[in-house]
Amino acid sequence: MAYTSSTVPAQARRAAPDVVGRSVAQGAPASAVRSMVPARTPSFVRIEALRKAVRALIDANRRLRERLRHQDESLRALRGEVERLGVELAEERTDPLSGLPGRREFTRRTAALLRACTLVGGGSRYAVTLVDLDGFKAVNDTFGHAAGDAVLAAVGERITRWLGEGEVAARPGGDEFFVLAVCGASLPHRLRALHEAITAPVAHQGVALVVGASLGTAEVRGVDDLSRAIGLADKAMFQVKGRGRRGCTAPADTPTA
């Protein structure tokens, strides 16, 4: 019997393409799709079913590409956010100009050093020194911010070279620096050497940039004593400025609580 469109019910003609199309869209394998159209099915029904299957496959492929595109955009946005947060975290931990830690990282490292001393018992005593640059604003105003940045970078490098083992420094902001050093008999001499290093001229574009520095120091008595010690060091530093002599104080010169 020869099949024609008139001898095959309309419902049957529509059913086969719809079933095949849905199966393709849902990811059915090719072998399963072929089995859905029996060999005895009239050729025009088979052709229509295959056409619909191809259209469904094209639509599914288009939707898949669209989803992949959106996922790729989301991944790029997420990667950019991760990189941005990484940069912010690095900047928070390390000052990009001086190369020294920021205040929060300085506090964390200082606490770790003081805690280690407490654990071992009879370990090193520490002193915190505040360094405030004198004449830094004049350098900025006269030679520009690039010159000021050069001074901050040079001071950070010189302080880093000065540090000994188990010591740490920071730039909390502006023209101020923190230094945590081992408190011993040699500290006053070391602080004078630090003062000389900081105030040495900085070469910048053929100009020798010169700043002064006022240093105030106080002994840190334990992990919970850092804030008090910083306050005493700050007071000592301003006493140096008030006496009109840009120099430094050692723990012995610092007022006690």
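The values are calculated or read from the model by the stated rules, or taken from the named source; none is laboratory data. If you're wondering where the values come from, they're calculated on a predicted model, not measured in any experiment. All Cβ positions, even for glycine, are placed from backbone atoms using ideal geometry, and neighbour counts span all protein chains on display.
Quick look at the numbers
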| read-out | value |
| --- | --- |
| Residue under evaluation GLY206, criteria (1) free of Cβ contacts under 8 Å to residues at least 40 places away in the same chain; (2) touching a helix residue (DSSP H, G or I) at 6+ places or on another chain (Cβ under 8 Å), criterion not met | (2) |
| Of residues in the stretch 143-178 being under 16 Å from THR129 (Cα atoms) and among the aliphatic types (A, V, I, L, M), the one surrounded by the fewest Cβ atoms within 10 Å (Cβ to Cβ) | LEU163 |
| The lone exception for ALA77 - which of (1) among the small types (Gly, Ala, Ser); (2) at pLDDT below 65; (3) farther than 30 Å from ASP149 by Cβ it fails | (2) |
| Count of the stretch 181-191 residues which are aliphatic (A, V, I, L, M) and either under 16 Å from SER214 (Cα atoms) or not in a strand (DSSP E or B) (or both) | 3 |
